[in-house]
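Participant: Below is a structure I'd like to ask you about.
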Amino acid sequence: MRRALAISLIAAILPLPVLAADNIHLSIDASKPGPKIDRNIFGQFAENLGHGLYEGIWVGPGSPIPNTRGIRNDVVNALRALKVPNVRWPGGCFADQYHWRNGIGPLDKRPATVNSAWGDVIDTNAFGTDEFMSRSTSAPARRKRPRSGWNT
């Protein structure tokens, strides 16, 4: 039994040097510049998950929390300190169901929608397309056009 086990082990090990015969060489020349990485890769997205948007970024213009046109000043300052190049909204799964038209015009005329991506929460659209587009003057990052999935 031991002899059969030893022969099986040897038979299993013998092909390993053949597999390892292809040597791979990698060299890095730190004195030469590499490809430029587009800074927009390091952008952020905002999604209506939990309090990430409402209360997290958007508090509304009448909030006692310091804000500019409803967007929290501390969040803008944090984005500025991090040198975030762009902010994409809507982000994540919410983008698949958001329709840009629901976020324009007077707040009292905007339809409330169900955010089925995150537990069927009612979204008042208090932060919408208008607010996102107007934030370009208050936020440090370049604004990207609103993302929408199928609802354009």
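The values are calculated or read from the model by the stated rules, or taken from the named source; none is laboratory data. Quick caveat: nothing in here was measured; it's all calculated off a predicted structure. When we count neighbours, we look across all protein chains shown, and the Cβ atoms used for this are built from the backbone with ideal geometry, even at glycine.
Participant: I'd like to know if region 9-30 contains one or more residues that are surrounded by 10 or more Cβ atoms within 10 Å (Cβ to Cβ) and at pLDDT 85 or above.
Facilitator: no
Participant: Among the numbered criteria (1) surrounded by fewer than 19 Cβ atoms within 10 Å (Cβ to Cβ); (2) at pLDDT below 90; (3) farther than 16 Å from residue 47 by Cβ, which single criterion is violated by residue 101?
Facilitator: (2)
Participant: Tell me whether region 33-45 contains one or more residues that are free of Cβ contacts under 8 Å to residues at least 60 places away in the same chain, at positive phi and assigned to a helix (DSSP H, G or I).
Facilitator: No, region 33-45 contains no residue that is free of Cβ contacts under 8 Å to residues at least 60 places away in the same chain, at positive phi and assigned to a helix (DSSP H, G or I).
Participant: Right, another one. Can you name the residue in region 73-90 that is buried (at least 20 other Cβ atoms within 10 Å of the Cβ) and not aliphatic (A, V, I, L, M) and, of all such residues, is farthest from residue 125 (Cα to Cα)?
Facilitator: 88
Participant: Can you find a residue in region 107-114 that is buried (at least 16 other Cβ atoms within 10 Å of the Cβ), among the small types (Gly, Ala, Ser) and either under 18 Å from the mean Cα position of the chain (by Cα) or modelled with pLDDT of 90 or more (or both)?
Facilitator: Checked region 107-114: no residue is buried (at least 16 other Cβ atoms within 10 Å of the Cβ), among the small types (Gly, Ala, Ser) and either under 18 Å from the mean Cα position of the chain (by Cα) or modelled with pLDDT of 90 or more (or both).
Participant: Also: Scanning region 72-105 for residues that are of a type in the set (Val, Ile, Thr) and more than 17 Å from residue 50 (Cα to Cα), which turns out nearest to the chain's Cα centre (by Cα)?
Facilitator: Taking region 72-105 as the starting set, the residues that turn out to be of a type in the set (Val, Ile, Thr) are 75-76, 84, 87, 104.
From the residues that got through so far, the ones that are more than 17 Å from residue 50 (Cα to Cα) too are 76, 84, 87, 104.
Values: 76: 17, 84: 12, 87: 8, 104: 23 Å.
Only one residue fits best here, namely 87.
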